[in-house]
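Everything below concerns the one structure shown next.
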Amino acid sequence: MESNWRKSSHSSDQGGECVEIAELLGAAVAVRDSRDITGPVLGFEPSAFAAFLDRTTAAG
């Protein structure tokens, strides 16, 4: 999957929990583990991803 991936600002450079996101054609958001870039990728509609971020950042 050729996309412009960027690491979450909540990910550390110390090998902890690392997540990357990318915007895909068709206005989808993709999420993957930055330590396994050839592994599975989750796809979300932008509104679902925004709701996910709202809930997870409010909890943290």
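Quick notes on this one:
- Nitroxide proxy distance, nm - points 7 Å out along Cα→Cβ at K7 and D54: 3.0 nm
- Across region 26-31, coupling constants 3J(HN,Hα) worked out from phi with the 6.51/-1.76/1.60 Karplus curve, θ = phi - 60°, read x, 6, 9, 10, 10, 10 Hz, and Gly and Pro carry x.
None of the figures in this text is laboratory data; all of them are computed from the coordinates on show. Quick caveat: nothing in here was measured; it's all calculated off a predicted structure. Cβ sites come from the backbone with ideal geometry, for glycine too, and all protein chains shown count toward neighbours.
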